[in-house]
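Q: There's a structure below that I have some questions on.
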Amino acid sequence: EGARVIYVPGNHDAEMREFAGSTFGRVEVQRDHVHRTARGERLLVLHGDEFDGIVKCAPWLARLGSHMYDATLELNRHFNRLRSALGYSYWSLASYLKMRVPNAQAYIDAFEQAAVHEAKRRGLDGVICGHIHRPRLRSIDGLLYCNDGDWVENCSAIVEDRNGRLALWEAEASAHGATVAEPVSLPNAA
């Protein structure tokens, strides 16, 4: 009640980008947004597919990858039902497969650098994005890089407390009594 909701579409719902600048009820659709934390840090919020060369240069390959990812998630659902019945915890097949791809780490590093570069280019303190589905909170070149992961594969999000401190939140860990991860902020923040 009373919360401002900003919807930033990405490559899986790219058709919603044509509504950027529109408001539906209390939901604003924007291509990106600058969020000011309670500490005063200004963070660029965007999906992140803007930094993915495959999405930009080979859309057919991106669509194929998206369908393969959806199929992997469906297979993962069945696989984890079996794991749960046998007493094992959740395991992400998609994460495992992604990290088996040659040069995956180089791709992730380049993505993170590109996202931070865009925040720096705009004179901001950091960036919050998703797209590569790898939850992460860290400082890169003095700017804050936040990747919220996703709500399907990792069940993760970035949260801000009342003092403006950011933390990576993972639902599975919290469901087992663990607390939210240690808050991370820019090193020069007061």
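Every read-out reported here was derived from the displayed coordinates using simple, explicitly stated rules and does not represent laboratory data. Please read these numbers as outputs of a predicted model, since none were measured by experiment. Note: ideal-geometry Cβ built from the backbone for every residue, glycine included; neighbour counts use all protein chains shown.
Q: Would you grab the residues whose amide H sits under 5 Å from the one on residue 139? Only those 5+ places off in sequence or on another chain, please, with H modelled 1.01 Å from N.
A: The answer is 145.
Q: If a paramagnetic tag sat 7 Å from the Cα of residue 80 along the Cα-Cβ line, which residues of the stretch 141-167 would have the backbone N under 11 Å from that point?
A: Answer for the stretch 141-167: 151-156.
Q: Tally Lys and Arg at +1 and Asp and Glu at -1 over the other residues with C-beta under 11 Å from the C-beta of residue 41: what net charge comes out?
A: Once all neighbours under 11 Å are counted, the net charge is +2.
Q: Could you check the spin-label model distance between residue 151 and residue 93? Points 7 Å from the Cα along Cα→Cβ, value in nm.
A: Going from the residue 151 label point to the residue 93 one covers 2.4 nm.
Q: If you count the DSSP beta bridges with both ends in the stretch 1-44, what percent of them are antiparallel, to the nearest 5?
A: Percent antiparallel among DSSP bridges in the stretch 1-44 is about 60.
Q: Still on this structure: Which order do the peptides 123-133, 34-44 take when ranked by the mean count of other beta-carbon atoms within 10 Å per residue, highest first?
A: 123-133, 34-44
Q: State the antiparallel share, in %, of DSSP beta bridges confined to the stretch 1-123, rounding to the nearest 5.
A: Expressed as a percentage, antiparallel bridges in the stretch 1-123 total about 70.
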